[in-house]
Amino acid sequence: MIKIEHLSQKFNDNLVLDDISLSIEKGKIHFIIGMSGTGKTVLVKHIVGLLKPVNGRVIFENKDITKLKQKEMEKTRKKITYIFQNSTLFDNLTLYENIKLPLIKNKLEGNVEKFLKLVNIEKYQNKYPYEIGESIKKRTAIARGLAMNPEYIIYDEPTTGLSYSDARNIDSLISNMAKELNVTAIVISHDLKSIFSIADRITMLHKGKILLDGTINDFKNSKDEVIQQFINAKAEGVI
């Protein structure tokens, strides 16, 4: 489990996160949502130790990672994979080689074919990233992340730029990885279809604070004007 306790962060005089507290349960799919600039990415960067808070702490499996030294933090990071929005594949390597690379670098044993099969891209394994579409690139990035045998995967806008059907396929993949491999998913997204189809828990940030932390039904039943504008995708309103 990850516990974020009274976490605050500011850059210069701009308070980006203001006294944030929440828990992320193991094996669940936890969405971090909100409008652009509300601190979603800043929040998850604290989970992987890329940022140190001004106040508060992050408890990762009973360890306060805000106090860890670099070498200790590197051990913790091995339990977390970050899937970036743009997939970050190497264009000069095949998909097979992209998945194998972190295994070689980290001197890990791993069956690349297993991960190709998990994300259903075996027939593309000898293709290069510039030869395939965005959906297959994202699947490859997920396979590469899984090859590291993580306990947590952070997905940064995993369905952005995809067609409706491809986006739903990625949703299914994220859900299956959580259920079959017990990999905790932390998903930064504004894709309402994703949010309301696979989330176990949703945390909405607004102006640096948690507006609501709850289930899908909690959000759908909320009377808050900001939440209603967001989940109904209205252009005009209080936001």
Among (1) farther than 17 Å from LYS207 by Cα; (2) free of Cβ contacts under 8 Å to residues at least 40 places away in the same chain, the one test that MET1 misses: (2)
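Restricting the stretch 1-42 to residues that are acidic (Asp, Glu) and in a strand (DSSP E or B), which is surrounded by the fewest Cβ atoms within 10 Å (Cβ to Cβ)?
Within the stretch 1-42, the match that is surrounded by the fewest Cβ atoms within 10 Å (Cβ to Cβ) is ASP19.
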The stretch 137-163: number of residues that are surrounded by fewer than 22 Cβ atoms within 10 Å (Cβ to Cβ), under 14 Å from the mean Cα position of the chain (by Cα) and polar (S, T, N, Q): 1
Residue match in the stretch 43-59 (condition: under 23 Å from ASP191 (Cβ atoms) and in a loop (DSSP other than H, G, I, E, B)): yes
Qualifying residue in the stretch 200-207 (condition: farther than 20 Å from ILE24 by Cα and surrounded by fewer than 17 Cβ atoms within 10 Å (Cβ to Cβ)): yes
Residue count for the stretch 178-188, restricted to those that are of a type in the set (Gly, Ala, Ser) and modelled with pLDDT of 90 or more: 1
Test: residue in the stretch 216-237 that is of a type in the set (Phe, Trp, Tyr) and either loosely packed, with under 13 Cβ neighbours inside 10 Å or under 22 Å from VAL42 (Cα atoms) (or both): yes
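Could you pull out the residue among ILE174, ILE195, ILE202 that is modelled with pLDDT of 90 or more and either assigned to a strand (DSSP E or B) or over 22 Å from PHE219 (Cβ atoms) (or both)? Spell out the reasoning first.
Details: ILE174 fails: either assigned to a strand (DSSP E or B) or over 22 Å from PHE219 (Cβ atoms) (or both); ILE195 fails: either assigned to a strand (DSSP E or B) or over 22 Å from PHE219 (Cβ atoms) (or both).
ILE202 is the lone residue from the list that is modelled with pLDDT of 90 or more and either assigned to a strand (DSSP E or B) or over 22 Å from PHE219 (Cβ atoms) (or both).
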Subset of the stretch 123-132 [surrounded by 13 or more Cβ atoms within 10 Å (Cβ to Cβ) and either over 15 Å from ASN86 (Cα atoms) or not aliphatic (A, V, I, L, M) (or both)]: TYR124, GLN125, LYS127, TYR128, PRO129
Selection status of ASP166, free of Cβ contacts under 8 Å to residues at least 40 places away in the same chain, under 20 Å from ASP218 (Cβ atoms) and surrounded by 15 or more Cβ atoms within 10 Å (Cβ to Cβ): no
For GLY145: the one exception among (1) modelled with pLDDT under 90; (2) not in a helix (DSSP H, G or I): (2)
Criterion: closer than 26 Å to SER197 by Cβ and free of Cβ contacts under 8 Å to residues at least 60 places away in the same chain - qualifying residue of GLY49, GLY27, GLY37, GLY56: GLY37
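Quick check on the stretch 78-100: of everything there that is in contact with a strand residue (DSSP E or B) (Cβ under 7 Å, 6 or more places away or on another chain) and closer than 22 Å to GLY161 by Cα, which residue is surrounded by the most Cβ atoms within 10 Å (Cβ to Cβ)?
Filtering the stretch 78-100 down to residues in contact with a strand residue (DSSP E or B) (Cβ under 7 Å, 6 or more places away or on another chain) leaves 79-85.
Imposing the further condition that a residue be closer than 22 Å to GLY161 by Cα reduces the set to 81-85.
Values: THR81: 23, TYR82: 20, ILE83: 21, PHE84: 15, GLN85: 16.
Among those that are in contact with a strand residue (DSSP E or B) (Cβ under 7 Å, 6 or more places away or on another chain) and closer than 22 Å to GLY161 by Cα, it is THR81.
A quick yes/no check of all residues on (1) on the phi > 0 side of the Ramachandran plot; (2) of a type outside the set (A, V, I, L, M); (3) in contact with a Cys (Cβ under 6 Å, 6 or more places away or on another chain):
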site: ARG168; (1), (2), (3): no, yes, no
site: LEU173; (1), (2), (3): no, no, no
site: ASN176; (1), (2), (3): no, yes, no
site: ASN182; (1), (2), (3): yes, yes, no
site: ALA185; (1), (2), (3): no, no, no
site: SER194; (1), (2), (3): no, yes, no
site: THR203; (1), (2), (3): no, yes, no
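The values are calculated or read from the model by the stated rules, or taken from the named source; none is laboratory data. Note that the coordinates shown come from a computational prediction; the quantities given were computed from them, not determined experimentally. Heads up, the Cβs are rebuilt from the backbone with ideal geometry, glycines too, and the neighbour counts pull from every protein chain shown.
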